[in-house]
Amino acid sequence: MNDSLRELYEEVILDHNRNPRNYNHTPENANHTAHGDNPLCGDRYSVKLTVKDGRIDDAGFEGSGCAISKASASLMLESVKGKSLEEVEHLFNSVHRHLTDHKANEESDDELGKLKVLGGVKEFPMRVKCAILPWHILNAAINETDQMVSTEQQ
Amino acid sequence: MNYPYFFLEPTGISAGLDPEKFKNDFPILRKPVRGKKLVYLDNAATSQKPHTVIEAIRQYYLDSNANVHRGVHWLSEKATEAYEMARIKMQEFINADHADEIVFVRGSTEAINLVAQTYGRKEIGQGDEILITEMEHHSNIVPWQLLVEETGADLQVIHIDDNGELIREELREKLTEKTKLVAITHISNALGTVNPIREIIRSAHEVGARVLVDGAQAAPHLKIDVHDLDCDFYTLSGHKMYAPTGIGILYGKRELLQNMPPYQGGGEMITSVSLTGSSYAKPPYRFEAGTPNIEGAIGLGAAADYLNSIDFDTLSAHENEVLDYATDRLSAMDGLKIIGTSGHKAGIISFVIDSIHPHDVGTILDQAGIAVRTGHHCAMPIMERFQLPATTRVSLALYNTKDDIDSLVEGLKQVKEVFK
C-alpha cells in the first residue's frame, strides 16, 4: 500500500468504519433531523440530534455509504456531542478548510484532534465529497433545512 | 469499398488472436497511470480510441474541414463526402437496408429522446402503453416517463429475476394490443445480460407494437444486423465502440422515419423556409438540424472500419474467453458476489464484496492503475431490485487480456488486505 492510501485509510478511519459510533442510534427527544446523499455513488445518511439549550445533547446517524463517509459521520458525532451550536459551527468551518484547503496550516488544525485523520482525502479529490457529506447533513439538521442535502448541489 | 484518403486502411490488427497486439492499436494504453501499467476496465462507460480513429479525425482537420451540404467549394465537397461516407459505413456496420435510415445524433441518449419526442408524441396517446424493462439505463427510462407525463400513455415494466434476466411470463402478460412501443436494451450496462431481443421483437410485432433497441452496450461486442433483427429503431453511442464522444446513430426503418415530425428546428433540416412556414427535408436530414458533428461522424466511420477489420466471431470468442476467466477468478474470491449471473452475458461483470463499499474498492484499485466503475451505473432500478446502493463494475473491451484480470484480482486482494 502506498503512503497516500495509508493516510486515506488510517487505522482510525478503518476502526470507525468497522464499528461506527452512534450508528443506528436514535437520540431521545430528537428535535433536529436532516437527510443527505451523494447521488453519484449512492452514499445516503440521515442525522438526528437532540439540541437542548443551544447544545447538542445527543446525536445519532443511520444510512449507508463508503468507509470514508461512514467514518467521517461517526467521528463527527463523537466530537460534536456536548458542544454548543456555536462551537459546532466553528468546527464545521475548520473541518471544511482542513479537507479542502491544501494550504491550511498545521497549527489551526490542532483543534481538530482526532478529526485530523479525515485530511487523508486531500490527495483524493473524488473522495473529498465523501468525507464532507455528513458534515453538511449535520449543518442542515442544526439549521433545520428541510431540503435534502446533496453533494451535487454544493 | 474504396476509402477516401482521410480514412486510413486500418492497420496493426491481426486476424488471429494476439490481444497484446490490440493493445498496441490504442496509444493511451501504453501510458502509465499513477506510475503503473494502465489496466482499463471501464469500457462500458467509454472505450479507448484506436490510432486509426484518432488519425482520421486529425486528417479531417488537416485536409478537409468545412461545413457540410452547404458550400460549393472544394473543401465543403470533401467534408460532405467524408460525412456521407461515414453514414454509409454505419449503414453497412449494422446492415441497414438504406443509408437514409441512419441519423447522426450525439449518442444513444439523444437517439432515444428523438424517438420519444417525434414518433412518440405523434403515435402514442392516452390509453396506449410503452413497455420497458427493469434493467434499462436511465436514458431508456426517463425519456418515456417524460412522454407519458405529456401524453397520458402508460409505462409498463418487465421485471428481472435474481440472475438478472427478464421474466418471460411478464413479457407475455404485458405485451398486449395496447402496447405501442417496446423500448429495451440489447445488453444491460449494469449486469451484462444479453437480452433475447430477436424473440422479443417477433412477439412485439405480433401484437402490432414497434420496438426500439438500445444498443449502446452491444455495438462494441456483437455483430448488429438490423435487417435480420427486424427492429424498428436501433440506437448506439460511438464512444462505447472506439469512436469519439458526442456522436452516435439512430437507425429507424425508412417508412417510420419518413412519417416522423422533425426533432429540432434549424438549418439543414428544411427544404425551404419562409416567414409564414417551412417545409422539412427528408430523413435523415430532417433530424439533423444545425451543423452536425462532422469530425465525430468521421471518427465513428473509422471505428466501424476498425471493428470490421477484426470480424465479430473472433472478437466475441476472445472477449468471452476473458469474461469467463474473469468470472471464474472473481467467483473464487471469498466474500465476493457477482450481480448478474445470466448464462447470456457480454463484456460486463458487476460485483459486491462483503462489507466493503464499491467506492473504496474503486479508490484502492485506482492506486494500482486499475480503472473500474463504481456506483449505480445510471441504472438505479437495478440497484433497488438487488437492494444495493452500488456495485463495482468491470467492463471489457477487445484489448483486455487475462493478464488484466490477474492484475484486477491482485488489486482486489489488496482491497481486502486494507479492510481485513
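May I ask for the equivalent-ellipsoid semi-axes of chain B, computed as the square root of five times each C-alpha gyration tensor eigenvalue and listed largest first in whole Å?
Over the Cα atoms of chain B, the ellipsoid semi-axes are 35, 29, 17 Å.
Just to be sure I understand: if I project the alpha-carbon convex hull of chain A onto a plane and average over all orientations, what area do I get in nm²? Let's see the in-between values first.
Working: hull surface 34.4 nm².
Average of the hull's projected areas for chain A equals 8.6 nm².
In sequence order, what are the phi-derived ³J(HN,Hα) couplings for the range B:312-320 according to the Karplus relation 6.51 cos²θ - 1.76 cosθ + 1.60 with θ = phi - 60°, rounded to whole Hz, with x for glycine and proline?
Result, rounded to whole Hz: 6, 5, 4, 4, 4, 4, 5, 5, 5.
Taking 23 Å as the cut-off for C-alpha to C-alpha distance, list the pairs among B:36/B:345; A:122/B:36; B:49/B:416; B:21/B:78; B:337/B:416; B:223/B:282 that go past it.
Numbers: B:36/B:345 30 Å; A:122/B:36 21 Å; B:49/B:416 33 Å; B:21/B:78 33 Å; B:337/B:416 14 Å; B:223/B:282 28 Å.
Cα-Cα > 23 Å for B:36/B:345; B:49/B:416; B:21/B:78; B:223/B:282; rest within.
Taking R0 as 41 Å, what FRET efficiency do you get between residue A:84 and residue B:355 from their Cβ-Cβ distance, rounded to the nearest 0.05?
Values: r = 36 Å, r/R0 = 0.88.
Efficiency, rounded to the nearest 0.05: 0.70.
Take every DSSP beta bridge whose two residues both sit in chain B, then give the antiparallel share in percent to the nearest 5. Can you show the working numbers first?
On the way: 29 of 48 bridges.
Here the share of antiparallel DSSP bridges comes out near 60 percent.
Per residue, how big is the convex hull around the C-alpha atoms of the range B:61-308? Give it to me in cubic angstrom, could you? Mind showing how you got there, number by number?
Numbers: hull volume 29.5 nm³, N = 248.
Residue-normalised Cα hull volume stands at 119 Å³.
Which FRET efficiency value, to the nearest 0.05, do you get for residue A:23 and residue A:143 by plugging their Cβ-Cβ distance into 1/(1 + (r/R0)^6) with R0 = 30 Å?
On the way: r = 23 Å, r/R0 = 0.77.
For R0 = 30 Å, the calculated efficiency reads 0.85.
Any chance you could list P(r) for the protein assembly as shown, counting all Cα-Cα pairs in 20 angstrom bins from zero, rounded to whole %?
19, 45, 31, 5, 0
What is the distance, in nm, between label points placed 7 Å from the Cα along the Cα-to-Cβ direction at residue B:62 and at residue B:77?
2.3 nm
In degrees, nearest 10, range 0 to 90: what is the angle between the Cα axis of helix A:85-100 and the longest Cα principal axis of chain A?
20 degrees
Scale the Cα Rg of the range B:96-163 by the rule-of-thumb value 2.2 N^0.38 Å and send over the ratio, two decimals. Numbers along the way, then the final one.
On the way: Rg = 13.6 Å, N = 68, 2.2 N^0.38 = 10.9 Å.
Rg over 2.2 N^0.38 Å, computed on Cα atoms: 1.24.
Please report the net charge: other residues with Cβ closer than 13 Å to the Cβ of residue B:139, K and R +1, D and E -1.
On the way: positive: B:106, B:240; negative: B:110, B:136, B:214.
Summing Lys and Arg as +1 and Asp and Glu as -1 gives -1.
Which entries of A:83/A:116; A:129/B:402; A:114/B:420; A:103/B:420 show an alpha-carbon separation above 25 angstrom in the structure shown? Walk me through the numbers before you get to the answer.
Details: A:83/A:116 18 Å; A:129/B:402 34 Å; A:114/B:420 22 Å; A:103/B:420 33 Å.
Those over the limit are A:129/B:402; A:103/B:420.
Sum -39500 (n - 2.57) across every DSSP H segment of at least 4 residues in chain B, then divide by the residue count to get the 222 nm mean residue ellipticity, nearest 500. Please list the in-between numbers first.
On the way: 14 runs with 151 residues, N = 420.
That calculation yields -11000 deg cm²/dmol at 222 nm.
Across the range A:11-88, what fraction of all alpha-carbon pairs, as a whole percent, falls in each successive 5 Å bin from zero upward?
Once binned at 5 Å, the Cα pair distances of the range A:11-88 give 3, 17, 26, 24, 17, 10, 3, 0.
Since every read-out is calculated from the coordinates, none of them should be taken as a lab result. Just so it is clear, the model here is predicted, and its values are computed rather than measured. Methodologically, a virtual Cβ is constructed for each residue, glycine included, from the backbone with ideal geometry; neighbour enumeration extends over all protein chains shown.
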